[in-house]
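Below is one structure, written out as structure tokens, with a few remarks after it.
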Amino acid sequence: MKNKYLLIIFIVLLSVLVIYLMNSHRINQSSNKFTRKIVSPQITFRTVLNLPDKSFGLAGRLDNKIYLNHYSDRLNLQGINYSLKELDTVKIRYPSTFHIEALNIYKDVLFPYIFCTNHYGDISLFNGKVTTSYKIERFRFDFIKAVSPTTIIVRARYPQNLQNNRSIAKIVLSKKVVVEKEYPLPNKRNGVFTNDGMLIYDKDSHRILYLYFYRGEILNLDTNLNFKYLTKTIDTVKEARTKAQLIPQKGRDGKVIGRTLIQTSPPRLINTFITSNNNKAYVLSLLKADNELESDFESNQIIDTYNITDGKYISSFYIPKYKGIKLRHFQIKGNTLIAIYGAYLVNYRFVE
Amino acid sequence: MKKLLFAALIATVAVGGAFSSANAVILYAQGQSNPVDCITGADVTCAEQLGVDETTQVYLNPANEGPQGPSQGFAGDYTYNP
């Protein structure tokens, strides 16, 4: 009988070990075959605000105040000064033609302008007093970055090989809305996933940066969407590892009413966030370098910095987790670093 | 003996499930009860609905289970923002 129990315990332990190894790509990062140049800027805690919930994200760039987007208050923004004393609702006036019922309203702030768009193709421009409205038909886009009051850069999508792929597009707002140029992202299988990423506009260098989530690359374009260069980030991941499967969706009568393309294995995110300041791109990476201590990597998060002019890697530094919570969004302006961890908005003094 | 082996199997499946469901969010297209598993920790697209109106929406709850929301995107993109 004792042997039977031992056998069962052995089977369970063996199974747990197999499962652990199968998931080890998410847990064990002991060898990713690259090293970082770790530097230690001064990151000094200044103050923190406990937000009502963890559904907040940074909107636009840090300016005279901090603008926050709240995912369940789609119509407005929240503003707060750098002392993080009190959230203030920034009410946005929408034109009557704007579909405010849209679940997602994408916003960007180019002070004093607040740009809003949705999937209906509505675009509004609110300067605090007056709202100007635009409409673009049959052009699908989501993220928006304002370059000027009359120019926006968006992440669009277009049909390709019976699926969809993504592109970066320049839209000019004048008497009519014109897609002046479209830069298609690489033709890759399951492009809507493999080309998923984050779009930013660096005002100082007038460059558009697009960070790919699943492969270590940053696309650099000028504001006319001319290709400048492609940065290979410090990791060694050159190809996105995504797998997808088409699942038919059936109605009550059993007939296929649609198809859903689903990622069939947990996506392996490489870099998840990018921001810029003073001609540097700051990239939040999820990969540990071989010259990092496991304990340092676990108790902090690593930021890699790149020169925006030429795309070259500069160095990396740690941002500590806050109360054990991971960093989600951050921005830097001068000697100030504003970060969102779960429901905490934190102001750090940051000196490189 | 069979019961013990069965218990061991359940324990193993439970451990595996705990691993695989980390950061999982179940999302539903408008009016549908077919779930889509979003396993993500960032603002990423985890699934895409093809052949529907591009403003069809995605919710946290299926159509037959009470209030839907908060906003999660549109059916073209199943996007979960934690």
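The values are calculated or read from the model by the stated rules, or taken from the named source; none is laboratory data. Only a predicted model underlies this, so the values are computations on that prediction, with no experimental measurement involved. We place every Cβ from the backbone using ideal geometry, glycine too, and count neighbours over all the protein chains shown.
Determine whether residue A:259 is closer than 22 Å to residue B:47 by Cα and more than 11 Å from every other protein chain (Cβ to nearest Cβ). Break it down into steps so the answer makes sense when it comes.
Values: closer than 22 Å to residue B:47 by Cα: yes; more than 11 Å from every other protein chain (Cβ to nearest Cβ): no.
Taking the combined requirement at face value, the residue does not satisfy it.
Touching a Lys or Arg at 6+ places or on another chain (Cβ under 8 Å), at pLDDT 95 or above and surrounded by fewer than 22 Cβ atoms within 10 Å (Cβ to Cβ): is that true of residue A:170 in this structure?
Working: touching a Lys or Arg at 6+ places or on another chain (Cβ under 8 Å): yes; at pLDDT 95 or above: yes; surrounded by fewer than 22 Cβ atoms within 10 Å (Cβ to Cβ): yes.
It is true that residue A:170 is touching a Lys or Arg at 6+ places or on another chain (Cβ under 8 Å), at pLDDT 95 or above and surrounded by fewer than 22 Cβ atoms within 10 Å (Cβ to Cβ).
If residue A:315 passes every condition in (1) surrounded by fewer than 18 Cβ atoms within 10 Å (Cβ to Cβ); (2) of a type outside the set (Phe, Trp, Tyr); (3) under 16 Å from the mean Cα position of the chain (by Cα) but one, which one does it miss?
Answer for residue A:315: the failing condition is (3).
Can you tell me which condition residue A:64 does not meet? The list is (1) in contact with a strand residue (DSSP E or B) (Cβ under 7 Å, 6 or more places away or on another chain); (2) under 25 Å from residue A:204 (Cα atoms), and all the others hold.
(1)
Give the residues of the range A:47-84 that are among the basic types (Lys, Arg) and either in contact with a helix residue (DSSP H, G or I) (Cβ under 7 Å, 6 or more places away or on another chain) or in contact (Cβ under 8 Å) with a residue 60 or more places away in the chain (or both), sorted by residue number.
Step one: of the range A:47-84, the residues among the basic types (Lys, Arg) are A:54, A:61, A:65, A:74.
Result: A:54, A:61.
Considering only the range A:136-150, how many residues are away from every other protein chain (no Cβ under 14 Å) and surrounded by fewer than 18 Cβ atoms within 10 Å (Cβ to Cβ)?
Residues in the range A:136-150 being away from every other protein chain (no Cβ under 14 Å) and surrounded by fewer than 18 Cβ atoms within 10 Å (Cβ to Cβ): 3 in total.
Report yes if residue A:82 is surrounded by 17 or more Cβ atoms within 10 Å (Cβ to Cβ) and of a type in the set (Ser, Thr, Tyr), otherwise no.
On the way: surrounded by 17 or more Cβ atoms within 10 Å (Cβ to Cβ): no; of a type in the set (Ser, Thr, Tyr): yes.
So residue A:82 does not fit the description; no.
Return the pairs, sorted by first residue and then second, in which the second residue is at pLDDT 95 or above and aromatic (Phe, Trp, Tyr), the first residue lies in the range A:336-352 and is within 15 Å of residue A:70 (Cβ to Cβ), the beta carbons are less than 9 Å apart, and the residues are 6+ apart or on different chains.
A:340/A:330; A:342/A:322; A:344/A:322
Tell me whether the range A:265-274 contains one or more residues that are aromatic (Phe, Trp, Tyr) and either surrounded by 21 or more Cβ atoms within 10 Å (Cβ to Cβ) or more than 20 Å from residue A:235 (Cα to Cα) (or both).
Here is the first cut: in the range A:265-274, the residues aromatic (Phe, Trp, Tyr) are A:273.
After this cut, where a residue has to be either surrounded by 21 or more Cβ atoms within 10 Å (Cβ to Cβ) or more than 20 Å from residue A:235 (Cα to Cα) (or both) as well, the list is A:273.
Yes: the range A:265-274 contains one or more residues that are aromatic (Phe, Trp, Tyr) and either surrounded by 21 or more Cβ atoms within 10 Å (Cβ to Cβ) or more than 20 Å from residue A:235 (Cα to Cα) (or both).
For residue A:329, work out the one condition from (1) modelled with pLDDT under 95; (2) buried (at least 22 other Cβ atoms within 10 Å of the Cβ); (3) in a strand (DSSP E or B) it doesn't fulfil.
The one condition residue A:329 does not meet is (2).
Would you point out which residue out of A:194, A:242 is closer than 28 Å to residue B:80 by Cβ, under 16 Å from the mean Cα position of the chain (by Cα) and at pLDDT below 95?
Details: A:242 fails: under 16 Å from the mean Cα position of the chain (by Cα).
Only one candidate passes the filter, namely A:194.
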